[in-house]
Amino acid sequence: MHTIPTGLQAFDVNGPIPTCGRWKNTMPRSRDPAAFRLYISARKLWRSKIEWQLTLQEALSILHDVQDAAAQGDWGARALMAYFYRSGLGPLDSNHVLDPDGNKSVEIVRAAVAAGQAWGYYDLGVAYEHGYGGAAQDEQIAWAYYLKAAELGSPEAQMALASAYLKVERDDAEEAIVTCAYKQEHGPAAYKLGSYAKLRKNFGAALEYYQAGTKFGSEPSAAALMFMFDTEKWSSREKQDQAALRELGILPDPERKRRYKQIDQALDINPDLKLARLDQVLPLPPAELPAWNGIQDAIEPEPDGPPSY
């Protein structure tokens, strides 16, 4: 067993839940526009395909541009480089451009921790949990980092703590901290809350959570809504559930199913998509469906102002 670093405390699954921090508050307020655009362009290319579909030239371009943006100080690019060093880039011999390097990944993550950034604390917790990059495998230290990350607002850390609360049947604590992540527009949190509402037969709340999750980029949320309007799934539901859904105006709807299926397929490839205009182009019943030109209708155009997180 190793010593918990100064400034951290051990996670007690039976202790008080952490306050709801916001990860954006831990990031620099200003962001260089040129570095940001370079990073975003590379990330969009990376997310445009399943990674094995990238050509060698595309993979090289992504790596070069993310490295360049990171060198210019963009923390989004640095976080993505930490991921690339952890996982490698290019899974095939024909497009492989970067070998995994745990040491380089953790070096970037430790710099983020030194800067007080929530994502760095979470990623360093992952390193200690699995023992790579010079971080000795130690569950207690890992969870101390997760706790700090959750306090600072890392949605991933908040969801990790939620899973720990669930294991000891602290259902209220688990749902409370999932809600913390949901309030930061975290797709997996929205999906989980929607699933809980559905289990409780609170279909109205479930639909709202799934719709929000879809806006936040959650593929399972889009799939859940797709199945809500599926004719075959509808016929297999209990009569009581069908009646409750009818009261909400939820009926088999092939067109809504088709649109959510398109979104589900897009999010399966690119979970970075944020569909801020979803309610305008694919509103929940009883609203009528407007015209549909594809998923691009649901994506909010990037603002012209200074880049933000």
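Observations
- Residues (under 19 Å from the mean Cα position of the chain (by Cα) and of a type in the set (V, I, T)) located in region 141-199: I177, V178, T179
- Residue that is nearest to Q184 (Cα to Cα), among those in region 275-309 that are of a type outside the set (V, I, T) and surrounded by 16 or more Cβ atoms within 10 Å (Cβ to Cβ): L275
- The numbered conditions (1) touching a Phe, Trp or Tyr at 6+ places or on another chain (Cβ under 8 Å); (2) not in a helix (DSSP H, G or I) are all true for Y132 except (1).
- Filter result (surrounded by 13 or more Cβ atoms within 10 Å (Cβ to Cβ) and in a helix (DSSP H, G or I)) within region 12-24: W23
- First in region 1-24 and within 26 Å of E185 (Cα to Cα), second anywhere and basic (K, R) and not in a loop (DSSP other than H, G, I, E, B), Cβ under 9 Å, 6 or more apart: V13/K167; P18/K148
- Taking every residue in region 92-110 that is among the small types (G, A, S) and pairing it with any residue that is part of a strand (DSSP E or B) and surrounded by 14 or more Cβ atoms within 10 Å (Cβ to Cβ), at least 6 positions away or on another chain, yields no pair with a Cβ-Cβ distance below 9 Å.
- Within region 221-229, one or more residues are under 19 Å from L267 (Cα atoms) and part of a loop (DSSP other than H, G, I, E, B).
- Residue match in region 81-88 (condition: assigned to a loop (DSSP other than H, G, I, E, B) and either touching a strand residue (DSSP E or B) at 6+ places or on another chain (Cβ under 9 Å) or within 25 Å of A127 (Cβ to Cβ) (or both)): yes
Taken together, the values in this text are just the output of simple stated rules run on the coordinates, not laboratory data. Predicted model only: the values in this text are computed from it and were never measured. Glycine also receives a Cβ, built like all others from the backbone with ideal geometry; neighbour counts cover every protein chain displayed.
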